[in-house]
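Below is one structure, written out as structure tokens; the observations come after it.
The values are calculated or read from the model by the stated rules, or taken from the named source; none is laboratory data. Just so you know, these numbers come straight off a predicted model, no measurement behind them. In case anyone asks, the SASA skips ligands and DNA or RNA and just uses the protein heavy atoms, side chains included. Shrake-Rupley method; radii C 1.70, N 1.55, O 1.52, S 1.80 Å.
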Amino acid sequence: MLRTRRPNRWRLALALAPVVALVAACGSGSATDSGSRAELVLKVADPGNSGPLAVAKRDGTFDKALAPLGAKVEWVNTTPGFSSMLKLFNTKELDISGAAFSPVVGALSKDVAVRIVAVQDPAGKDQSGIIAAKDSGIHSVADLAGKRVAVNPAAKGEYILLKALAQAGIPADKVTRVPLQQKDAASAFATGKVDAWASFLVPYQEAKANGGVEIATEQSIGSKDNSVVVFRTEILDKRPEVAAKYLETLQALTAQQHANPAGFENVFEQTGPRALGGQRLADALRVGGEVTVPRLPTDSDAADLADVVNLFADNGVISRKITAADIFYDLKSKLTADQLAALQTGR
């Protein structure tokens, strides 16, 4: 009678060992070493063709700085304007972006879990404002009464319009605010579906270059809507040291931009639709030379923030007033003395 041979147990164990190891490696995620936590991937809004982040993307600056902490950066394509990115923060597809006070106030009023970690003193405040269609007959803020103005809601565009109307003594309800994100607003403005547009940065500059009539700027209305750096709150709570290193690196890059603005324009493309030339390049170089280094928030920043919060609350944009404690993340309390010193010397 034939006997069925049983496989040698030791031989089977040895054969399975590499497979078990491979499955374990795939299931556990990548790690910096066998005794450390899984690698953190920071998802950052793609910078386009200019600025400190564009240079960092080209040179791998953040990855080099963050590697000792077991972290790296992944660049995420987004639409213009922080308020258009809120869904990405909610679904954890985006962790970090530049912004301004106003859209963060709007985001927190909708319970989006983001916080401001750094503020920049104003630069280039003539690069955002209100622009009217050239055939609209609008030549001043007062002329907006009875007109339709595109704004990105609960964000910079709506703040700019409300601030300009308040300064001119025009009741906000005399103007129809049309809520549109930047991409849709650009189309509505170009096709005459709105009479004017409260906008900012590249879309605003493009509309102005195409013949739009500038009737107010952030400079002329005394805007307090300063630029900021925003993180998803979960990242700040779990890895404050990574946030600090990111900010320290951004400070160094911004200081370099201030010293050499030409090195931070047309970073990837010298020609084509994303490349700047002529007056737009001249304006960008001027603003780059004025740019200030991001820093941890101060009491004066809280006062500027209150201007935004109060304007939104008074005009029904938000249903509850949000305080600086709700918006500014206390990164300072999470850092070692050395980490904090590195950030403070980056001013």
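Using Cα pairs closer than 8 Å and at least 6 residues apart in sequence, work out the relative contact order for the chain, in percent. Over the chain, the number comes to 23 percent. Between Lys174 and Thr79, the contour length at 0.36 nm per residue exceeds the alpha carbon distance by 31.2 nm. Taken as entire DSSP H runs, the helices of the chain that both span 20 Å or more between Cα atoms along their own long axis and average 1.0 or more on the Kyte-Doolittle scale are 9-28.
Using a 1.4 Å probe on the protein heavy atoms, what percent of the accessible area of the chain belongs to carbon and sulfur? In the chain, the share of accessible area belonging to carbon and sulfur is 53 percent. Among beta bridges from DSSP that stay inside the chain, the antiparallel ones total about 60%. Under the criterion of Cα pairs below 8 Å and six or more residues apart, the relative contact order for the stretch 111-197 equals 36 percent.
Dividing the mean sequence gap of close Cα pairs (under 8 Å, 6+ apart) by how many residues the stretch 202-298 holds gives a relative contact order of 30 percent. In the chain, the calculated helix contribution to ellipticity at 222 nm averages -12500 deg cm²/dmol per residue, counting -39,500 (n - 2.57) for every DSSP H run with n ≥ 4. Based on protein heavy atoms only, the chain ends up with 50 Å² per residue of surface accessible to a 1.4 Å probe.
Amide H neighbours of Leu42 under 5 Å, at least 5 residues apart or on other chains, H built in the peptide plane: list them. Excluding prolines and chain starts, which carry no amide H, the hits are Lys72, Val73, Glu74.
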